[in-house]
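Participant: Here it is, the structure, as structure tokens.
Readers should treat all values here as calculations from the given coordinates under stated rules, not as data from a laboratory. Given the structure is predicted, the values throughout are model-derived calculations rather than measurements. Note: ideal-geometry Cβ built from the backbone for every residue, glycine included; neighbour counts use all protein chains shown.
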Amino acid sequence: MTTPKKLFIKTYGCQMNVYDSERMAEAMGGQGYVETKSADDADMILLNTCHIREKAAEKVYSELGRLKPLKAKNPDLKIGVAGCVAQAEGEEIMRRQPAVDLVVGPQSYHRLPAMEERLRMGKTALDTDFPEEDKFEHLKSRPKAKRAPAAFLTVQEGCDKFCAFCVVPYTRGAEVSRPADRVLEEARDLVERGVREVTLLGQNVNAYHGHEGGLSGLIRALAKVDGLERIRYTTSHPNDMEDDLIAAHADVPELMPYLHLPVQSGSDRILKRMNRSHTAESYLRLIERIREARPDIIMSGDFIVGFPEETDADFEATMELVRQVKYGYAYSFKYSTRPGTPAAERPLVDPDVADDRLQRLQALITDHQHEIQRSMVGRDVSVLIERAGREAGQMLGKSEYLHSVHVENCDAAIGEIARVRIVEAKTNSLTAQLL
Ligand code: SAH
Ligand code: SF4
Ligand code: F3S
């Protein structure tokens, strides 16, 4: 028997990359590769990259610089770059770092096996097409290995929204939805392998149109899959929150009370310049309606501070919106210029001013986050047990609200859903007792 070759994948960026990395590992399994947790003993290294902010892209080049000397130790080592930097920069990557053997975009990684064969012949390989064929059709057979209880499932890719700051429409291409029967098939397969919760992924997941009724139709169909206990979805755009999707939060018990709904700014002037096509007011109305459907829902969001020409008053409008919504989680970023996007040509905010705004916004968000966590103490929640904790008898999992929960003296097994009472709120997690 030949010894399997070892594949090391390092994943950057969003959950869609996490999902893609799993699928790449499976595709390479067919080429005789098994995954390894360290780059040092790998025969192939793949960096699955993110291009969303300048720093994210630069990280890739510094990592490639660190990996290059490994080739001196193992002359057969192949280094590949996948993901959104691969899509955005293509050949340029090999020019900047000649140690790179392979560049593959997010829409063409089903061709990895053929590309790996090229490498074996001593060639390099580059593929950043947006092919006509559906990559998921070519990646059909996932091995039947046991899985952790919570899994990602990509249902939609790409984006047609063209926010003025964002590279995603260029790196991931136009919006496409996977057919519902394929998604359902994959979900059933995941359940057979131990999965109890799926998070449906898409750059604009609520623009999904692969099922009658869109995303809510798909959610309603998935809720009928035996053994699938929990459904989440991310990331959503406010303009695609259709009435029936809001209704699903009220009447589909499997749909978890947590929603990531980025708004980016609370200033209408900035929203307009961002090409967001919604206002602060319409967003707040929408949240009101979502909370009417599901009063205990926890909201999450994304913000950009220091967008070109953002004034103090614009930033105050963002702070005010955050005070009104009170997010359970929120991610805020300093604006980063992305070449090729419309906003790249516009005058920047002073970086010190942007830093100061970012700190103030993050402090406010953290206050709310802790307040919401503290308000959970004394409440009974359900926890999907995902793994054993560090202390004896302790198990870890996520509540329906996506809080990390340590359950003390827990005899529930991995994959079970335990009813617990929250007894303590720590900075990043909650502690609970079984009921
Ligand atoms: N599809 C998702 C977002 C994907 S990018 C959506 O529409 O919400 C994730 C987040 O990164 C965005 O919500 C935004 O807050 C941030 N982001 C995107 N481009 C950025 C840029 N040029 N600079 C700073 N943050 C950015
Ligand atoms: Fe980027 Fe906007 Fe599309 Fe989100 S909706 S991926 S922020 S262009
Ligand atoms: Fe990054 Fe691409 Fe995701 S740019 S955020 S990895 S879609």
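Participant: Go through segment 121-186 and name the GluC sites (Glu not before Pro) that are in a DSSP coil and have 12 or fewer other Cβ atoms within 10 Å of their Cβ. Working shown, then result.
Facilitator: Working: sites: GLU132, GLU133, GLU137, GLU157, GLU175, GLU185, GLU186; in loops: GLU132, GLU133, GLU175.
Hits after loop and neighbour filter: GLU132, GLU133.
Participant: Size of the dipole of the chain about the Cα centre, Lys and Arg at +1 and Asp and Glu at -1 on the beta carbon, nothing else charged, in debye to 20?
Facilitator: Approximately 1120 debye in magnitude.
Participant: Dividing the alpha-carbon Rg of the chain by 2.2 N^0.38 Å yields what? If you can, show how the numbers build up before the last one.
Facilitator: Working: Rg = 22.4 Å, N = 435, 2.2 N^0.38 = 22.1 Å.
Against the compact-globule rule of thumb, the ratio is 1.01.
Participant: Please compute the length gained on full extension between LYS272 and ASP226, using 0.36 nm multiplied by the number of residues separating them and subtracting their Cα-Cα distance.
Facilitator: Result: 12.1 nm gained on full extension.
Participant: Calculated FRET efficiency, ASP367 and SER404, Cβ-Cβ r, R0 22 Å, to nearest 0.05?
Facilitator: Working: r = 19 Å, r/R0 = 0.86.
Given R0 = 22 Å and the Cβ-Cβ separation, E is 0.70.
Participant: How would you rank LEU259, LEU184, LEU7, going from fewest to most other Cβ atoms within 10 Å of each one's own Cβ?
Facilitator: Placing the least packed residue first, the sequence is LEU184, LEU7, LEU259.
Participant: Can I ask one more? Please order ASP268, ASP76 by the number of other Cβ within 10 Å, starting at the fewest. List each step's numbers first, then the result.
Facilitator: Values: ASP268 16, ASP76 10.
Least crowded to most crowded, the residues run ASP76, ASP268.
Participant: I would also like to ask the following. State the extension gain, in nm to one decimal, for the chain segment bounded by ASP134 and SER336, taking 0.36 nm per residue of separation less the distance between their alpha-carbons.
Facilitator: Working: separation 202, 0.36 × 202 = 72.72 nm, distance 3.22 nm.
Here the answer is 69.5 nm.
Participant: Computed over the Cα atoms of segment 48-100, what is the convex hull's projected area averaged over all directions, in nm²?
Facilitator: Numbers: hull surface 13.4 nm².
In nm², the orientation-averaged hull projection of segment 48-100 is 3.4.
Participant: For segment 224-298, what is the Kirkwood hydrodynamic radius in Å, using each pair of distinct C-alpha atoms? Let's see the in-between values first.
Facilitator: Working: mean 1/r = 0.0744 Å⁻¹.
Mean inverse Cα-Cα distance, inverted, gives 13.4 Å.
Participant: Separation of segment 58-77 and segment 380-426 by C-alpha centroid, Å?
Facilitator: With segment 58-77 and segment 380-426 each reduced to a Cα centre, they are spaced 40 Å.
Participant: Sticking to Cα atoms, compute the Rg of segment 269-375 to one decimal and its Dmax as the biggest Cα-Cα distance, whole number, in Å.
Facilitator: Both quantities, over Cα of segment 269-375: 14.7, 45 Å.
Participant: Here's something else I'd like to know. Post the alpha-carbon centroid distance, segment 305-374 to segment 265-284, in whole angstrom.
Facilitator: 13 Å
Participant: Sticking with this one: Past 21 Å, Cα to Cα: identify those pairs from LYS6/LYS398; LYS71/LYS123; LYS78/LYS123; LYS78/LYS144; LYS55/LYS326, in the order given.
Facilitator: Numbers: LYS6/LYS398 32 Å; LYS71/LYS123 16 Å; LYS78/LYS123 11 Å; LYS78/LYS144 27 Å; LYS55/LYS326 29 Å.
Long pairs (Cα-Cα over 21 Å): LYS6/LYS398; LYS78/LYS144; LYS55/LYS326.
Participant: With just the Cα atoms defining each centre, how far is segment 31-47 from segment 78-127? Give it in Å.
Facilitator: When both Cα centres are located, 15 Å separates them.
Participant: Continuing with this model, one more query. Treat the count of other C-beta atoms within 10 Å as a stand-in for reagent exposure and order THR311, THR171, THR235, THR2 from fewest to most.
Facilitator: On the way: THR311 13, THR171 27, THR235 20, THR2 5.
Ascending Cβ contact count within 10 Å gives the list THR2, THR311, THR235, THR171.
Participant: Net charge near GLU424: determine it from the other residues with C-beta under 11 Å of the C-beta of GLU424, scoring Lys and Arg +1 and Asp and Glu -1.
Facilitator: Value of the local net charge: +2.
Participant: Now for a different question. What's the magnitude of the charge dipole for segment 141-256 around its Cα centre, counting Lys and Arg as +1 and Asp and Glu as -1 at the beta-carbon? Answer in Debye, nearest 20.
Facilitator: Around 640 debye, computed over segment 141-256.
Participant: Okay, moving on. Under 13 Å from the Cβ of ARG118, count the other residues' Cβ atoms, weight Lys and Arg +1, Asp and Glu -1, and hand me the total.
Facilitator: Values: positive: LYS78, ARG111, ARG120, LYS123; negative: ASP101, GLU116, GLU117, ASP127.
Local net charge: 0.
Participant: Computed FRET efficiency, Cβ-Cβ of GLU391 and GLU345, R0 41 Å: what is it to the nearest 0.05? Before the final figure, lay out each step's value.
Facilitator: Working: r = 55 Å, r/R0 = 1.33.
According to the calculation, E is roughly 0.15.
Participant: Here is a further query. Limiting things to C-alpha atoms, what are the Rg and the maximum Cα-Cα separation (Dmax) for segment 5-127, in angstroms?
Facilitator: Spelled out, the Cα radius of gyration and Dmax of segment 5-127 are 12.8, 35 Å.
Participant: Evaluated at 37 °C with a viscosity of 0.692 mPa s, what Stokes-Einstein diffusion coefficient in µm²/s does segment 141-256 have when Rh comes from the Kirkwood expression over alpha-carbon pairs? The partial results should precede the final answer.
Facilitator: Details: Rh = 14.5 Å.
Once the numbers are plugged in, D ends up at 226 µm²/s.
Participant: Enumerate by residue number the GluC sites (Glu not before Pro) in segment 1-100 meeting two conditions: DSSP loop (anything except H, G, I, E, B), and at most 14 other Cβ atoms within 10 Å of the site's Cβ.
Facilitator: Details: sites: GLU22, GLU26, GLU35, GLU54, GLU58, GLU63, GLU89, GLU91, GLU92; in loops: GLU91.
Taking segment 1-100 and a limit of 14 other Cβ atoms within 10 Å, the loop GluC sites (Glu not before Pro) found are GLU91.
Participant: Given the Cα-Cα distance of ARG66 and GLU212 and 0.36 nm per residue of separation, how much length would full extension add, in nm? If you can, show how the numbers build up before the last one.
Facilitator: Values: separation 146, 0.36 × 146 = 52.56 nm, distance 4.86 nm.
Additional length available on full extension: 47.7 nm.
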